[in-house]
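The values are calculated or read from the model by the stated rules, or taken from the named source; none is laboratory data. Here the structure is a predicted model, which is why all the values come from computation and not from measurement. All Cβ positions, glycine included, derive from the backbone under ideal geometry; neighbour counts span all protein chains shown.
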Amino acid sequence: MIAIVLVGAGGRMGQAVARTAAGAEGVTLKARIERAGVAAPGDGGAPWGHDLGAVLARGDVVVEFSAPAAVSAVATLCAERGAALVSGTTGLGEPDEAALRAAARQVAVLRAANFSLGVLALRRALAAAMAAVPATWDVEIVERHHRGKQDAPSGTALQLAREAAERRGYPDSALRHGRSGRVGPRPDAEIGIHALRGGGWVGDHAVVMAGAGEWLELRHVAEDRTAFAHGVLASARFVATAAPGFYTLDDVARVAAR
Ligand code: NAD
């Protein structure tokens with residue numbers, strides 16, 4: 001039985017993971033951790049607390065969907081205690097990414113900007129489509145998320161854009177975040193990213209590829225957060241037995257496909 005300690009338990013993703021874990025085989029929710037001041041829901045579920053250090057033990061798997069400011073400390077504690085980590089928070093800065101990589105020298109750390117298997121399929125479809133059309137086709141990404149989302153563009157849109165840029169041999173500076181004013185003709189070496197915010201959109205990513213006289217669109221829509229939660233639990237099962245190292249959802253899919 002894999003003991004999961006959930007950080008950010010009161011949030012949208014935390015609640016979705018807790019709900020999905022409740023009906024899943026082989027995992028148990030050991031504890032739910034929130035910021036000081038966020039009250040327990042009183043639902044009779046797994047123990048609720050504010051101090052990860054007070055509950056974390058060797059062999060536990062921490063699942064965190066919280067905030068960038070929380071990630072470094074969570075990663076360091078996981079490394080100290082010998083607990084594997086599944087990290088889903090997006091909008092991380094370089095020091096947070098470095099903390100995850102440092103922890104991965106001691107324990108298994110899996111990080112994904114998007115835990116949905118449909119988005120994994122979208123990334124693979126994008127790679128195949130880019131290989132099949134001329135390199136002159138323009139690539140633009142449109143993402144939509146709920147009005148409460150903190151970071152823009154989404155981590156998934158950035159990942160799609162970076163993978164597209166890498167495929168074309170464009171530098172990171174080729175990512176173009178929206179357009180405004182007299183911007184002139186679109187340069188060839190550019191990947192446009194456009195972030196829409198409103199209502200309750202859970203997550204919607206469309207990659208548009210435009211050529212002369214034709215275009216195509218690859219699109220994934222997450223209708224509810226169980227789309228992510230199943231990938232999160234598969235990742236928790238993966239890191240529970242993985243050697244120390246830094247992993248992505250591609251590693252989970254590779255094992256599942258065997
Ligand atoms: P949310 O604001 O609903 O929930 C975040 C929760 O974390 C809140 O309850 C907050 O109180 C808590 N929190 C903040 N700091 C904390 C700390 N130091 N310790 C413990 N808890 C803390 O946000 P959300 O929609 O659940 O998203 C959370 C993060 O996950 C965001 O960065 C979001 O972009 C990302 N996300 C990732 C995926 C994915 O598949 N990787 C999917 C959806 C959302």
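For this structure, a couple of remarks:
- Within the stretch 97-115, tally of residues that are within 15 Å of the ligand (Cβ to nearest atom) and at pLDDT 95 or above: 8
- Test: R219 is of a type outside the set (A, V, I, L, M, F, W, C) and either farther than 21 Å from A132 by Cα or within 16 Å of the chain's Cα centre (by Cα) (or both): no
- Apart from one condition, E94 fits all of (1) modelled with pLDDT of 95 or more; (2) under 20 Å from V202 (Cβ atoms); the exception is (2).
- Residue list for the stretch 6-31, filter: assigned to a strand (DSSP E or B), of a type in the set (V, I, T) and either touching a Leu at 6+ places or on another chain (Cβ under 9 Å) or within 15 Å of the ligand (Cβ to nearest atom) (or both): V7, V27
- Of everything listed in (1) touching a residue at least 60 places away in the same chain (Cβ under 8 Å); (2) more than 21 Å from L160 (Cα to Cα), the single unmet condition for L110 is (2).
- Cβ-Cβ under 6 Å pairs, at least 6 apart or on other chains, the stretch 68-82 side in the same structural domain as S154 (by TED's automatic domain parsing), far side away from the ligand (no atom under 11 Å from the Cβ) and modelled with pLDDT under 95: none
- Some residue of the stretch 171-178 being within 15 Å of the ligand (Cβ to nearest atom) and in contact with a strand residue (DSSP E or B) (Cβ under 7 Å, 6 or more places away or on another chain): no
- Selection count, the stretch 203-229, where residues are surrounded by fewer than 19 Cβ atoms within 10 Å (Cβ to Cβ) and in contact with an Asp or Glu (Cβ under 9 Å, 6 or more places away or on another chain): 8
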